[in-house]
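To start, the structure itself, in structure tokens.
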Amino acid sequence: MARVADFCVDRWEAHTVLAKTPDVVRSPFEPLRDGEAVIARSAAGVSPQGYISRIEAAAACGLAGKRLCRAKEWYRACAGEGRRRMPYGKDEVRGKCNTGKGHVLTQVFGKRVFLTKDSHYNNPKVNQEPGFLALTGAHDACKSPEGAFDLVGNLHEWVADDVSSALPKEIPLEYGEHRLGPRGSGVFMGGYYSSKREHGRGCAYTTATHAPDYHDYSTGFRCCRDVARGK
């Protein structure tokens, strides 16, 4: 993990292993089955776990002895004390992070298909389409000074917060509070490989409209942990 202020954050987006057999890496290309327990892991050079809800991500972090990052922690890890635009600096440089790709669902299923959550948004084919999802750390320039990779792009990352009146005080909302979903909605940050500027830019990219049990091909996560006192 990378030390940031008074907490630590995983250097790479999470993949998962089976809780019953932790030496077995779970497929990152399929939603979890009901009741399936997985443990979060963080390593370079693997496909990160998509198709996961905030509820499932928080449980996976917990089984790893960690927790889901809070929104202000996630933003701090990405933007730093100076509130830079990107993890690597104040100005966005095209290609440094895995963003701005075309629409993968159109690529996989065609332009005239009526898309549904189960058959399309959670279809294992989506994140296996070549040229879209990258292995963790593959964009080595997309790195914070503390050594955390892919905070912008690759997969959206769930954070622990609900939509509430407190959220605008914790993180910048570039397009205003009116873009928030109902109170109790979940929050994911950083954008994913097809993101442009739909919900903000760089570290401030925030989607806050989906329920905590929502998941699709674009939703991933990483874990945080408090720094032990005296260290």
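A few points about this structure:
- Members of region 114-124 found to be under 12 Å from Gly50 (Cβ atoms) and either among the β-branched types (Val, Ile, Thr) or not in a helix (DSSP H, G or I) (or both), listed by number: Asn122, Asn123, Pro124
- Candidate set from region 154-171 (those that are in contact (Cβ under 8 Å) with a residue 24 or more places away in the chain, out of contact with any Ser or Thr (no Cβ under 7 Å at 6 or more places or on another chain) and among the aliphatic types (A, V, I, L, M)); member that is surrounded by the most Cβ atoms within 10 Å (Cβ to Cβ): Val159
- Each residue in region 18-41 was checked for being in a strand (DSSP E or B) and more than 24 Å from Val152 (Cα to Cα), and 3 pass.
- Hits in region 102-161 - residues which are out of contact with any Leu (no Cβ under 7 Å at 6 or more places or on another chain) and among the charged types (D, E, K, R): Lys111, Arg112, Lys117, Asp118, Lys125, Glu129, Asp140, Lys143, Glu146, Asp150, Glu157
- For region 65-86, the set of residues classified as crowded, with 20+ Cβ neighbours inside 10 Å, over 13 Å from the mean Cα position of the chain (by Cα) and in a loop (DSSP other than H, G, I, E, B) consists of Lys66 only.
- Given (1) part of a helix (DSSP H, G or I); (2) surrounded by fewer than 18 Cβ atoms within 10 Å (Cβ to Cβ), index of the condition Ala57 fails: (2)
- Being farther than 23 Å from Asp91 by Cα and in contact with a Gly (Cβ under 7 Å, 6 or more places away or on another chain) holds for only one residue in Val163, Val113, Val108, and it is Val163.
- Residue among Leu151, Leu135 that alone is crowded, with 22+ Cβ neighbours inside 10 Å and touching a residue at least 24 places away in the same chain (Cβ under 8 Å): Leu151
- Some residue of region 42-52 being crowded, with 17+ Cβ neighbours inside 10 Å and assigned to a strand (DSSP E or B): yes
- The residues listed here are Gly50, Gly89; of these, the one that is over 18 Å from His156 (Cβ atoms) and small (Gly, Ala, Ser) is Gly89.
- The test for being touching an Asp or Glu at 6+ places or on another chain (Cβ under 8 Å), β-branched (Val, Ile, Thr) and surrounded by 20 or more Cβ atoms within 10 Å (Cβ to Cβ) does not hold for Val126.
None of the figures in this text is laboratory data; all of them are computed from the coordinates on show. All of these numbers come straight from a predicted model, not from anything done at the bench. Using ideal geometry, Cβ is built from the backbone for each residue, glycine included, and neighbour counts are taken over all protein chains shown.
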